[in-house]
Amino acid sequence: MNPTTPPIGEGSRILHFLIDTILITFLAYFLYKWYTFYVFYWDFKPFQYGYFFFGFTWVYTFLFEWIFLQTPAKMITGTKVISYDGKRPNIGQFFIRATLRTTIISMFGLAWNDQPFHDTFSKTRLIKKSN
């Protein structure tokens, strides 16, 4: 990574959170409603919406970042995920990022190390995407 690359600020991170959460909420809700059809008509085991929301959050984050290095919110703001050495993160780093992003404690890392926990523990950074 270029040491002169400016870090992504909290405003961009908040925008990422809002856009991704809105998308995840709607997509998980549609998945939940689709599943409840099978619960009602085919006697599938019912699950609460929260299981769909958190499960879909993990899948959404993992797949978008693994395939594209960015979620739809990051595509809008022109940012992407890289490892500390400036290369593409490995699949383990994406797994750690997705798992920690799904938890509510991830943002508390901003308080003392200027990075959320999902960046700190996965050894990744969020940078501005080059043209």
With a ≥ b ≥ c taken as the square roots of the eigenvalues of the C-alpha gyration tensor of the chain, please select rounded if a/c is under 1.5 and otherwise prolate if a/b is larger than b/c or oblate if it is not? prolate
Give me Asp114, Asp20, Asp43 ranked fewest to most by other Cβ atoms within 10 Å of their Cβ, as a rough exposure proxy. Asp43, Asp114, Asp20
With Rg from the Cα atoms and Rh as the Kirkwood inverse mean 1/r over Cα pairs, segment 12-64 has an Rg/Rh of 1.08
Hey, got a sec? Which trypsin sites (Lys or Arg not before Pro) in segment 35-131 land in a DSSP loop and have at most 16 other Cβ atoms within 10 Å? Lys87, Lys123, Lys129
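Only the coordinates and a few stated rules stand behind these numbers; no lab work does. Values in this document were obtained by computation on a predicted structure and should not be read as measured data. Cβ: placed from backbone, ideal geometry, glycine included. Neighbour counts: every protein chain shown.
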